[in-house]
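Every read-out reported here was derived from the displayed coordinates using simple, explicitly stated rules and does not represent laboratory data. Predicted model only: the values in this text are computed from it and were never measured. So basically every Cβ, Gly included, is an ideal-geometry build from the backbone, and we count neighbours across all protein chains shown.
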């Protein structure tokens, strides 16, 4: 399991906490093998990706729960509810961002301590909101066509496949979310590495 928040003094002289995990040695070995002189950056990217996967699980899980309970993507007349889709993925996004900030500060960038946590959270939030805007626009424009496309593709494989419009829009939302998360992950990593955590070597 995770070894709890060990403390060490950074270059500022302040004590800071970091998390160690069972996979740290594997990530380090992989980074040294493929990263060469950039091994530290590769290590950070791999950790950032793991944090992103956890964020995606929180994100997608929240979307699934909300769409199947209080915020369905269509109404009783099977008309699309883009506002519900936007609200659902926005709630999920905020929960994922909170998780990602904590894990990135304590695990991916434990050596970034020349700026306060409040300042880094503000910068992290700004980067995340820009990513959220890109993602929300993408999902809002693509979930319906992707749902239609998924139905067309699955119908060619199984002629009996005929989902309800609600299910079709749920599938379209999840496909759009998947691609949106990948694009936003690269944006978030680069923007946070060179702005939020620009004090690391």
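Structural remarks
- Residue-averaged 222 nm ellipticity for the chain, from DSSP H runs of 4+ at -39500 (n - 2.57), nearest 500: -23000 deg cm²/dmol
- Per residue, the convex hull spanned by the Cα atoms of the range 14-91 amounts to 161 cubic angstrom.
- Relative contact order computed over the range 48-196 (Cα-Cα under 8 Å; 6+ residues apart), in percent: 28
- Per-peptide packing, taken as the mean over residues of other Cβ atoms within 10 Å, places 66-76, 142-152, 87-97 in the sequence 87-97, 142-152, 66-76 from highest down.
- Relative contact order (%) - criterion: Cα under 8 Å, at least six apart; region: the range 46-103: 45
- Helix 82-103 and the longest principal axis of the Cα set of the chain meet at an angle near 20°.
- Taking Cα atoms only, the orientation of helix 39-67 departs from the longest principal axis of the chain by about 30 degrees.
- Using alpha-carbon coordinates, inclination of helix 165-191 to the longest axis of the chain, degrees: 20
- Label point distance in nm, residue 161-residue 186, each placed 7 Å from Cα along Cα→Cβ: 2.8
- Figure legend: label point modelled 7 angstrom from the Cα of residue 64 along Cα→Cβ; residues of the range 159-201 with amide N under 12 Å from it are 174.
- Spin-label pair residue 194/residue 82, simplified geometry with 7 Å Cα→Cβ offset, distance in nm: 3.3
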